[in-house]
Amino acid sequence: MGLQAWGIELGGVEVWLLLGSAALLAGFVDAVVGGGGLVQVPALFGALPSASAASLLGTAKLSSIAGTTLAAWRYLRSVRLDGVAVLGAVLGAALTAWAGAAVVSLLPRDWADPLILLLLVGVAAVTLRRRAMGLDHSPRWSGRAAWWPAFLTGSAIGFYDGFFGPGTGTLLMFIFVRAFRYDFLHASAISKLVNWVTNCSALAFFIPAGQVIWALGMLMAVCNVGGAWLGTRMAVRGGSGLVRRVFIGVLLVMIARMAWVVAQRWMG
């Protein structure tokens with residue numbers, strides 16, 4: 001479906017370049033620690049104010065799934081994961097991400113911002129306080145014991161990703177590092193697989209509903225893949241120490257952005 005059919009004015013080549021650049025950066029950040037939606041979703045909402053929220057989120061999912069596909073493939077080539085934990089997490093995510101996407105237009109999302117802000121602050125506090133967290137890979141659960149913890153994690157984060165989205169990869173990484181005791185590199189790898197499934201499941205709702213701007217989404221997808229290639233290459237070479245530093249940096253930026261959004265809403 002073309003942009004004119006959506007009644008959307010992009011304002012010129014410079015807006016396409018802006019959104020392509022945002023997708024490139026989002027793919028890079030997402031491949032390393034997650035949180036690419038922090039870049040991509042606000043850019044779409046700012047550049048296309050006349051488009052519906054559902055169509056912008058659907059377009060962002062189309063872009064993200066391209067980069068996440070490449071990132072997941074590259075991680076699988078370099079990192080060995082527990083197959084039972086992966087299966088449990090991706091199945092849980094697949095079952096709930098569609099439901100989250102389905103209710104995105106039914107429930108007001110204003111209430112979610114303060115809660116997400118508090119959650120991110122808590123994640124940052126724990127990560128900064130425990131300096132060795134995520135540097136050693138010593139899984140708490142393995143084999144069959146990992147099934148239910150992974151399934152519940154995938155289910156909860158899958159619904160959140162379908163409903164809201166930004167920060168999904170970051171929250172997944174924190175859970176796999178803190179609760180599952182993975183190092184940051186393994187946590188990033190399994191997070192990419194879960195994130196790929198949540199994107200697929202959400203698109204299974206957005207595409208039939210006609211909530212994807214295809215021309216723009218394909219352009220952003222190509223740029224997102226480029227960013228994902230750079231990000232996974234850097235993460236695999238730099239190891240868990242580098243991923244931890246990037247994780248903390250992205251987390252602090254996310255907190256600052258969410259605090260700004262909440263403050264603006266309260267003052268408005």
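The values are calculated or read from the model by the stated rules, or taken from the named source; none is laboratory data. Worth saying up front: this structure is predicted, and the values here are computed from it rather than measured. All Cβ positions, even for glycine, are placed from backbone atoms using ideal geometry, and neighbour counts span all protein chains on display.
Taking the stated definitions as given, is G122 touching an Asp or Glu at 6+ places or on another chain (Cβ under 6 Å) and either more than 23 Å from A228 (Cβ to Cβ) or not β-branched (V, I, T) (or both)? Let's see the steps before the verdict.
Working: touching an Asp or Glu at 6+ places or on another chain (Cβ under 6 Å): no; either more than 23 Å from A228 (Cβ to Cβ) or not β-branched (V, I, T) (or both): yes.
Considered against the rule, which asks whether it is touching an Asp or Glu at 6+ places or on another chain (Cβ under 6 Å) and either more than 23 Å from A228 (Cβ to Cβ) or not β-branched (V, I, T) (or both), G122 comes out as no.
Here G162 passes the criteria (1) assigned to a helix (DSSP H, G or I); (2) modelled with pLDDT of 80 or more except the one numbered (2).
Considering only residues of the stretch 217-248 that are of a type in the set (A, V, I, L, M) and more than 18 Å from T68 (Cβ to Cβ), which is surrounded by the most Cβ atoms within 10 Å (Cβ to Cβ)? Working first, answer last.
As a first pass, look at the stretch 217-248 and keep what is of a type in the set (A, V, I, L, M): 218-222, 225, 228, 230, 234-236, 242-243, 246, 248.
If we keep only those that are more than 18 Å from T68 (Cβ to Cβ) as well, we get 242, 248.
Values: L242: 17, I248: 15.
Checking each candidate, the answer is L242.
Only residues that are part of a helix (DSSP H, G or I) and surrounded by fewer than 20 Cβ atoms within 10 Å (Cβ to Cβ) were counted in the stretch 50-96, giving 14.
Report whether or not F180 is under 19 Å from G122 (Cβ atoms), without any contact (Cβ under 8 Å) to a residue 40 or more places away in the chain and buried (at least 22 other Cβ atoms within 10 Å of the Cβ). No: the conditions fail for F180. Within the stretch 38-49, the residues that satisfy the criterion of being in a helix (DSSP H, G or I) and aliphatic (A, V, I, L, M) are L38, V39, V41, A43, L44, A47.
Which residues, counting only those in the stretch 135-164, are in contact with a Gly (Cβ under 6 Å, 6 or more places away or on another chain) and over 26 Å from I116 (Cα atoms)? The answer is W147, and nothing else.
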